[in-house]
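Since the structure comes first, as structure tokens, the remarks are kept for the end.
Here, each number is a calculation from the coordinates, and none is a lab measurement. Remember, predicted model here, so these are calculated numbers, not experimental data. No Cβ is skipped: glycine too gets one built from the backbone with ideal geometry, and neighbour counts run over all protein chains shown.
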Amino acid sequence: MSDDAYLVCPPCQVLLPLGKPLVGDDGSVVRFHRGAEDAPPNSGQPDLTRALWKFLAEHAGHPMRVKFSYEPDFDVIAGFRRVGGDTVDDVPFDEYLRDWPG
């Protein structure tokens, strides 16, 4: 099983996949990487970056947190709606970002 991280808004039951947490020498997360190993860094993925800013604006004031797939209670978010996903219950980036002025 791969380790992944998600920005989660529990009250709204929505999440934004951040990708794999990459750690530094001291074991702390230094960045996240979404996509294949040769994919650009998250900051170089325009749709992901815009979606992050919209997500933060939409959920400002909510108790958001970064959730890791290896946490024991990870299954709590299994049914949350995913921004940037491709299943029937998810919201693709193009739909999520449509008409957003940010």
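For the pair GLU58 and VAL76, label points projected 7 Å from Cα toward Cβ lie 2.1 nm apart. Both radii are taken from the alpha-carbon atoms of the chain; with Rh as the Kirkwood radius, Rg/Rh is 0.95.
Mean residue ellipticity at 222 nm, helices only, the chain: -5000 deg cm²/dmol; runs of at least 4 DSSP H residues each add -39,500 (n - 2.57), and the sum is divided by the number of residues.
Multiplying the residue separation of ARG98 and PHE68 by 0.36 nm and subtracting their alpha-carbon distance yields 8.0 nm.
Quick one: net charge of ASP73's neighbours, Cβ under 12 Å, K/R +1, D/E -1? Local charge sum for ASP73: 0.
About its Cα centre, how strong a charge dipole does the chain have in debye, to the nearest 20, once Lys and Arg get +1 and Asp and Glu get -1 at the Cβ?
So the dipole magnitude of the chain works out to roughly 320 debye.
Each of ALA36, PRO21, GLY61 was placed along the dipole of the chain (beta-carbon charges, centred on the mean Cα), and the one lying farthest toward the positive end is GLY61.
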